[in-house]
1. Pick from Glu128, Glu117, Glu107, Glu67: which is within 20 Å of the chain's Cα centre (by Cα) and farther than 20 Å from Asp147 by Cα?
2. Taking the range 118-134 as the region of interest, how many residues are β-branched (Val, Ile, Thr) and either modelled with pLDDT under 85 or open to solvent by less than 50 Å² (accessible area, probe 1.4 Å) (or both)?
3. Can you find even one residue in the range 16-30 that is at pLDDT below 80, surrounded by 10 or more Cβ atoms within 10 Å (Cβ to Cβ) and assigned to a helix (DSSP H, G or I)?
4. Quick check: is even one residue across the range 4-12 assigned to a helix (DSSP H, G or I), open to solvent by less than 90 Å² (accessible area, probe 1.4 Å) and at pLDDT 85 or above?
5. Of all residues being within 15 Å of Asp142 (Cβ to Cβ) and not hydroxyl-bearing (Ser, Thr, Tyr) in the range 52-67, which is modelled with the lowest pLDDT? Just the residue, please.
6. Examine the range 43-60 for a residue that is open to solvent by less than 70 Å² (accessible area, probe 1.4 Å), in a helix (DSSP H, G or I) and touching a Phe, Trp or Tyr at 6+ places or on another chain (Cβ under 6 Å), and state whether such a residue exists.
7. Restricting attention to the range 61-80, and to residues there that are within 18 Å of Val157 (Cβ to Cβ) and part of a strand (DSSP E or B), which single residue is most open to solvent (accessible area, probe 1.4 Å)?
8. Might you check whether a residue that is open to solvent by 50 Å² or more (accessible area, probe 1.4 Å), farther than 21 Å from Ser140 by Cα and not in a strand (DSSP E or B) occurs anywhere in the range 85-99?
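The values are calculated or read from the model by the stated rules, or taken from the named source; none is laboratory data. Since the model is a prediction, treat every value here as computed from it, not as a measurement. Here Cβ is always computed from backbone atoms with ideal geometry, including for glycine, and neighbour counts include all displayed protein chains. In case anyone asks, the SASA skips ligands and DNA or RNA and just uses the protein heavy atoms, side chains included. Shrake-Rupley method; radii C 1.70, N 1.55, O 1.52, S 1.80 Å.
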Amino acid sequence: MRKKEYARNNSISDAFVFLVFGIFAICIIATLSLGISSYQKIASRDDVTYRERTCAHYIFTKLEQAENLDRVYLGEMDGSQALVIEEEIDGDIYATKIYCYDGWLMECFSIPDSGVEADAGEKLVPAESMSASITDALISIDIKTPDGDIVSVNYSVYGRREVGL
């Protein structure tokens, strides 16, 4: 009789161990799936933020590097508004055009009015559209991202001219 009782108790304790192990495994899987989901959301958010910061910083840096803000003006690139920054290199005038084309913020470096088409530019970051305005004191650029957010860059022309840069 004792052997049967011992076998019954042993199988119950084995079942209990497997049950605890199963619950533990389910908890681990649930925790991992929640962690993966959270990581994907954070990575996606960080990617969007990175693109927006890169876009704004790129335009701001291009304006900072401009030799003469009187040579910064609004132009056109295949029907889209473009920010044009002209500079002189070895006596020749070149223009950097920043514009939106085919879902991208693009940059094209060429001779002004050379007839270069919009698809010849370099893709920078995804963007739907760009609008810009230039006044005596401010260059304002708004870029609409694929997510529908607006990235705004406002560059003070007045302050830079005052200090003679």
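1. Details: Glu128 fails: farther than 20 Å from Asp147 by Cα; Glu117 fails: within 20 Å of the chain's Cα centre (by Cα); Glu67 fails: within 20 Å of the chain's Cα centre (by Cα).
It is Glu107.
2. Pass one, the range 118-134, residues β-branched (Val, Ile, Thr): 125, 134.
Still in the running and either modelled with pLDDT under 85 or open to solvent by less than 50 Å² (accessible area, probe 1.4 Å) (or both): 125.
Matching residues across the range 118-134 total 1.
3. Keep residues of the range 16-30 that are at pLDDT below 80, which gives none.
The answer is no; no qualifying residue exists.
4. Going residue by residue through the range 4-12, those that are assigned to a helix (DSSP H, G or I) are 4-12.
When the remaining residues are screened for being open to solvent by less than 90 Å² (accessible area, probe 1.4 Å), the result is 7, 10-11.
If we keep only those that are at pLDDT 85 or above as well, we get none.
So far as the range 4-12 goes, no, none of its residues is assigned to a helix (DSSP H, G or I), open to solvent by less than 90 Å² (accessible area, probe 1.4 Å) and at pLDDT 85 or above.
5. Step one: of the range 52-67, the residues within 15 Å of Asp142 (Cβ to Cβ) are 52, 55-56, 58-60, 63.
Then keep just the ones that are not hydroxyl-bearing (Ser, Thr, Tyr); that gives 52, 55-56, 59-60, 63.
Numbers: Glu52: 78, Cys55: 83, Ala56: 85, Ile59: 89, Phe60: 88, Leu63: 88.
Step by step, filter the range 52-67, then rank; the result is Glu52.
6. For the range 43-60, residues open to solvent by less than 70 Å² (accessible area, probe 1.4 Å), in a helix (DSSP H, G or I) and touching a Phe, Trp or Tyr at 6+ places or on another chain (Cβ under 6 Å): absent.
7. Our first condition is that a residue be within 18 Å of Val157 (Cβ to Cβ); within the range 61-80, this holds for 61-75.
Still in the list and also part of a strand (DSSP E or B): 72-75.
Details: Val72: 11, Tyr73: 84, Leu74: 64, Gly75: 24 Å².
Going through the qualifying residues, I end up with Tyr73.
8. Within the range 85-99, the subset open to solvent by 50 Å² or more (accessible area, probe 1.4 Å) is 87-94.
Those left that are additionally farther than 21 Å from Ser140 by Cα: 88-94.
Retained after the next criterion (residues that are not in a strand (DSSP E or B)): 90-91.
Checking the range 85-99: at least one residue is open to solvent by 50 Å² or more (accessible area, probe 1.4 Å), farther than 21 Å from Ser140 by Cα and not in a strand (DSSP E or B).
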